[in-house]
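The values are calculated or read from the model by the stated rules, or taken from the named source; none is laboratory data. Small disclaimer: the values here were computed from a predicted structure and weren't measured. Don't worry about glycine lacking a Cβ; one is built from the backbone with ideal geometry, like all the others, and counts go over all protein chains shown.
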Amino acid sequence: MLPKAYEPQEVEQKLADKWQKAKLFAAQADKNKKPFVIVIPPPNITGALHMGHASTNTLQDVLIRAHRMFGEDAYWVPGTDHGGIATQNVIEKKLAKEEHKSRHDLGREAFVKTVWDWYHDCGNAIFNQFRKMGWSLDLSDIRFTMDEKRAKAVYECFRQWWEKKYIYRGKRLINWCVRCSTALSDIEVEHEQHAGKLWHLRYKGEDGSDGIVIATTRPETIYADAAIAVNPKDERYQKMVGKKVIIPLANRAIPIIADEAVELGFGTGALKITPAHDATDYEVGQRHNLPIMTVINDKGKMINCPEKYLGMDRELCRKETVKDLDAAGLLVKEEKYNNAVSTCYRCHSAIEPFMSEQWFVKMDEIAKPAIQAAESGELQFHPANWKNPFLNWLKNIQDWCISRQIWWGHRIPVWYCRHCSEKGLTFATDQQGHEQLTKVSFEDGAQPIVSYNKPEKCPVCGGHDLVQDPDVLDTWFSSALWPMSVFGWPEKTPEMEHFYPTSVMVTGYEILYLWVARMVMTGLQFTGKLPFKDVYLNGIVRDKHGQKMSKSKGNVIDPLDMTAKYGTDAVRFSLLMQAVPSKDIPYSEESITGARNFCNKIYNASRFILMNMEGIQGPLAMPTDITELADKWILDRFNNAIKTAREGILKYNLALTANTLYHFLWGDFCDWYVELAKQRFQTAEKEKVMALCVNILYGTLKALHPLIPFITEEIAASLRPYVGEKEEFLLNQSYPQFNPAWCDKEAVRKMEIIQGVTREIRTIRAQFNVPPGLKITAVLSAKDEADLAVVKAYEGYIKLMAKADNLQIGVNLEKPKQTATAVFENIAIYVPLTGLIDFEKERKRLEKDLAAAKANIASREARLAQENFIKHAPKEQIEKTKDELAAAKMALAQVTASLEDLA
RNA sequence: GGGCAGUUGGCGCAGCGGUAGCGCGUCCGCCUCACACGCGGAAGGUCACAGGUUCAAAUCCUGUACUGCCCACCA
């Protein structure tokens, strides 16, 4: 005997191994089949699987599995991302914790090797977790953004962009993360509202006058001030433009200038201009040819400032400066102020705008084809409202800062001859005594040689002393090439030929610009084709209150804990039930129990059907001579469910698929069909009923398989002999097809009546506490014979489902004494309950019905009285309203009569 | 400052032109021989607000108010 409750753990382990052994997930690369391809958003090798992976990868898996069952050559391409800064940070923390060492203690070479070792350990661990989740990735060939093929793609892109002069090096004000000690691109900077302060500071006139008062949030940068700017229209200051004021504490004179960038109404109307430490100020400085002074270095320490503050941390210097200004009587005012602080998206420390020479990509030309593709609709977003933000970003695209001053990543493929580039190169000796190139300056004459490998010799002087640029590329540089590089681009490989472009990109909306936009741009530029035509943006998994999950909040749900506790299918299904494109998923353990319960329901329904199969010889084909109402009805319901389930998959609305199949299996199949079938198991019809049960159940399992692969595979294996299926794996079978012959509106209508009457009787039973074992009599009466045709024909159904052992059905039957009454459409229902009736309760029930009937009559009559309604509304609508009115009138009469009887 | 979502029973959501559905929770009754991770039933909503379009609006349009997110150089 099978256990009463489904126990997933053992089953899942067994099946995951079996699938992998059978190489079930390998692409067939069958040229006759339409390819359906998804490249996985490569997870960073930074650690454990989280709910975000669980969500997005489950969506992809459902699509891949479903399309495979649709008969396509489905291929889900696995891989991981080296994850640049994020990974370097993790390894540095690990080093610090375990060995109390910094990366500098190890040296560059040893550090990079450490990260590679980590990758070899962690990479496999990630995919073992993926396998546990049942994700149908072909793990025989796992890509990595840093492996040789992907590195070649990165180089090829760099080379082509260099040749086109899209890549350049320049000195700019860039976003510098002091903690990660690297430059970041604009979109790697996040803006957080921060409760800060606005300080009003007095800059005295050079001539000894009161000078001018400015407002700033960053007093520690006053030492780098190059001017004070006012709006040219500002009457208060017009006379002062051109005069000079003294920077407090620094005692240096700077001019007052006029510039449109200054907002009239803000602060004091006067703005200190610090070109080296603020992006707006930098532009103002450019316009006015102001000198650029840097007072904060790459470590966040003060330089080039009054001696007192030299070497001080920028935060401390702010406090000290304010204190000293106050003491000097130059702090006019201090007010609370909420400003947006730029922070690093990896470590959330405050970003320092920083002057430095970096590598950039000129983006405007590259963006053009992408803009065109989105505008023309060739590129489709799901949901569509991401199109405009996408376009808006592309149309205002900024040059991309691609160099990072970290060690883990694709080294910039540029070399310098120490002889020819002498003055442009700065070297330092590291802690291991190795001489390292630390800084490159094109301004000072560094000459680039673009090459993947170290060149033999300098093309200019023939010298052999060549060194590689110390920086690495932004991790998103290799990600941008992912849909091509996974297939071996730039080589013309068969995979590239067959699988590119891919079918759909499934990823989170939070990386639309960071990643999706860049893939679109590179794909179009290098292949002339979009890397995918559909972009499905999934939401973020949040906690049940809509808060982002984070370790610090302690609201993280670990998917592996949950799969251990409830089974993988339950975790998958709970996510899918809520998978509406682009909507965040509020997630809690309760939503998993709901899905677990559903899995258990499937298991038990199957167990019941298998029990009843004992002694029956399979296979049983789906019967073709369907005459019984229940059979016609369930086929219609099944057919509909299958159709909607497929539509949901094609429209990327997997919540629709999940909900449809859930309600079909539980609400229709289990609650009504199987319940009705129980009675027929005792008759000669048994085999036919079993044939239907087994085939419909099997079909439902197939339809559910992409969503919950384990339990469906497990049960289908037991069912297979009975449906005559030879193929071992559901994934290799075809998805159930909509069958027009099974549509039967009439059967659905008849069942509606039976279910309606049954429910009324059940309600009466429940309200008057009729003991479950007590069979009752029910009287069904109507004015017309026609209204009773269905209940007469299927009285057996009602008797069984309502637990009535006697039904009296007839036209205008008399209402018995001591009776509870109800109405369903045109049918009056009397249930005599001698001794069980609580008259007060019954009156309340009836009065409620009375009010409802009256309200219904009033609204229908009002509508039908409207000339315009009759004139404009479609015929069916008018008919429907008339029918409803008739039914309401009938109900009113019935309820009124019953109330009178009570009195 | 601009843009995009959301606002539906206690909670979480679906519906997106014919006057409301689901899951959880609550309450009542059931260990009914597949399932108490279950079965039957009930209570609970004038679909944020104000206008408009329409015979008809939760559903379309306009505006308002909150909530969340994204973008932007107001120090």
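For first residues located in the stretch A:877-903 and more than 14 Å from A:LYS854 (Cα to Cα) and at pLDDT 85 or above, partners that are in a helix (DSSP H, G or I) and of a type in the set (Lys, Arg) and lie 6+ apart or on another chain with Cβ distances below 6 Å form the pairs A:THR881/A:ARG860; A:THR881/A:ARG863. Could you please find all residues in the stretch A:316-335 being without any contact (Cβ under 8 Å) to a residue 40 or more places away in the chain and either among the hydrophobic types (A, V, I, L, M, F, W, C) or closer than 15 Å to A:VAL178 by Cα (or both)? Within the stretch A:316-335, A:LEU316, A:ALA327 qualify.
Within the stretch A:393-414, restricting attention to residues that are aromatic (Phe, Trp, Tyr) and part of a loop (DSSP other than H, G, I, E, B), which residue is surrounded by the most Cβ atoms within 10 Å (Cβ to Cβ)? Let's see the steps before the verdict.
Step one: filter the stretch A:393-414 for residues aromatic (Phe, Trp, Tyr), giving A:393, A:400, A:407-408.
Among the residues that remain, those that are also part of a loop (DSSP other than H, G, I, E, B) are: A:407-408.
Values: A:TRP407: 23, A:TRP408: 28.
Filtering first and then ranking leaves A:TRP408.
For A:ASN600, the conditions (1) within 8 Å of RNA strand B (Cβ to nearest atom); (2) in a loop (DSSP other than H, G, I, E, B) are fulfilled apart from (2). With respect to the conditions (1) small (Gly, Ala, Ser); (2) in a loop (DSSP other than H, G, I, E, B); (3) closer than 22 Å to A:VAL90 by Cα, A:SER140 lacks only one, and its number is (3).
One residue stands out in the stretch A:585-597 among those that are among the charged types (D, E, K, R) and near RNA strand B (Cβ under 8 Å from one of its atoms): the one that is farthest from A:ASN538 (Cα to Cα), namely A:ARG596.
Could you tell me how many of the residues in the stretch A:113-163 are in contact with a Lys or Arg (Cβ under 9 Å, 6 or more places away or on another chain) and farther than 27 Å from A:THR58 by Cβ? Before the answer, list the steps.
At the first step, the residues of the stretch A:113-163 found to be in contact with a Lys or Arg (Cβ under 9 Å, 6 or more places away or on another chain) are A:114, A:118, A:133-134, A:136-140, A:143-144, A:149-150, A:161.
Restricting the remaining residues to those that are farther than 27 Å from A:THR58 by Cβ gives A:114, A:149, A:161.
Of the residues in that region, 3 qualify.
It is to be established whether one or more residues within the stretch A:813-824 are more than 15 Å from A:GLN767 (Cβ to Cβ), touching a Gly at 6+ places or on another chain (Cβ under 8 Å) and surrounded by 20 or more Cβ atoms within 10 Å (Cβ to Cβ). Yes, the stretch A:813-824 contains at least one residue that is more than 15 Å from A:GLN767 (Cβ to Cβ), touching a Gly at 6+ places or on another chain (Cβ under 8 Å) and surrounded by 20 or more Cβ atoms within 10 Å (Cβ to Cβ). May I ask you to list the residues in the stretch A:25-45 that are in contact with a Ser or Thr (Cβ under 7 Å, 6 or more places away or on another chain) and outside any strand (DSSP E or B)? Correct list: A:PHE25, A:ALA26, A:PRO41, A:PRO42, A:PRO43, A:ILE45. Taking the criterion of being surrounded by fewer than 17 Cβ atoms within 10 Å (Cβ to Cβ) and assigned to a strand (DSSP E or B), the residues of the stretch A:248-306 that qualify are A:ARG252, A:ALA253. The number of residues in the stretch A:797-841 that are touching a residue at least 60 places away in the same chain (Cβ under 8 Å) and of a type in the set (Gly, Ala, Ser) comes to 2. Residues that are aliphatic (A, V, I, L, M), within 16 Å of RNA strand B (Cβ to nearest atom), out of contact with any strand residue (DSSP E or B) (no Cβ under 7 Å at 6 or more places or on another chain) and under 20 Å from A:ALA480 (Cβ atoms) are absent from the stretch A:375-389.
Can you pull out the strands (runs of 3 or more DSSP E) entirely within the stretch A:499-563 that have at least 2 residues that are crowded, with 19+ Cβ neighbours inside 10 Å and not charged (D, E, K, R)?
A:504-508, A:534-538
Cβ-Cβ contacts under 8 Å between residues 6 or more apart (or on different chains), taken from a first residue in the stretch A:564-578 that is under 16 Å from A:LYS601 (Cβ atoms) to a second residue that is within 11 Å of RNA strand B (Cβ to nearest atom) and of a type in the set (S, T, N, Q), are listed as A:TYR566/A:THR593; A:ALA570/A:THR593; A:SER574/A:SER591; A:MET577/A:SER591; A:MET577/A:ASN659.
Go through the residues of the stretch A:453-470 one by one and say whether even a single one is buried (at least 16 other Cβ atoms within 10 Å of the Cβ), small (Gly, Ala, Ser) and farther than 20 Å from A:ALA110 by Cβ. No, the stretch A:453-470 contains no residue that is buried (at least 16 other Cβ atoms within 10 Å of the Cβ), small (Gly, Ala, Ser) and farther than 20 Å from A:ALA110 by Cβ. Residues in the stretch A:571-584 that are more than 8 Å from RNA strand B (Cβ to nearest atom) and within 13 Å of A:ALA54 (Cβ to Cβ): A:VAL571, A:ARG572, A:PHE573, A:SER574, A:LEU575, A:LEU576, A:ALA579.
Just one of the numbered conditions (1) farther than 24 Å from A:ALA658 by Cα; (2) within 16 Å of RNA strand B (Cβ to nearest atom) is not true of A:LYS21: (2). Is there a residue in the stretch A:665-682 that is away from RNA strand B (no atom under 14 Å from the Cβ), of a type in the set (S, T, N, Q) and more than 23 Å from A:TYR566 (Cβ to Cβ)? Checked against the condition, which is being away from RNA strand B (no atom under 14 Å from the Cβ), of a type in the set (S, T, N, Q) and more than 23 Å from A:TYR566 (Cβ to Cβ), the stretch A:665-682 yields no hits at all.
Regarding the stretch A:601-609, can at least one residue be identified that is out of contact with any helix residue (DSSP H, G or I) (no Cβ under 8 Å at 6 or more places or on another chain) and either more than 17 Å from A:LYS702 (Cβ to Cβ) or touching a residue at least 24 places away in the same chain (Cβ under 8 Å) (or both)?
First, pick out the residues of the stretch A:601-609 that are out of contact with any helix residue (DSSP H, G or I) (no Cβ under 8 Å at 6 or more places or on another chain): A:604, A:607.
Filter once more, so that each one left must be either more than 17 Å from A:LYS702 (Cβ to Cβ) or touching a residue at least 24 places away in the same chain (Cβ under 8 Å) (or both): A:604, A:607.
Yes - at least one qualifying residue is present in the stretch A:601-609.
Taken over the stretch A:178-237, the criterion of being part of a loop (DSSP other than H, G, I, E, B) and under 20 Å from A:ILE296 (Cα atoms) is satisfied by A:VAL178, A:ARG179, A:CYS180, A:SER181, A:SER185, A:THR217, A:ARG218, A:ASP225, A:ALA226. Please give the number of the condition A:LYS93 fails out of (1) in contact (Cβ under 8 Å) with a residue 24 or more places away in the chain; (2) within 20 Å of A:TYR345 (Cβ to Cβ); (3) more than 25 Å from the chain's Cα centre (by Cα). Condition (1) is where A:LYS93 drops out.
Grab the helices (runs of 4 or more DSSP H) fully contained in the stretch A:790-903, keeping just those with 3 or more residues being within 15 Å of RNA strand B (Cβ to nearest atom) and acidic (Asp, Glu).
A:839-865, A:875-902
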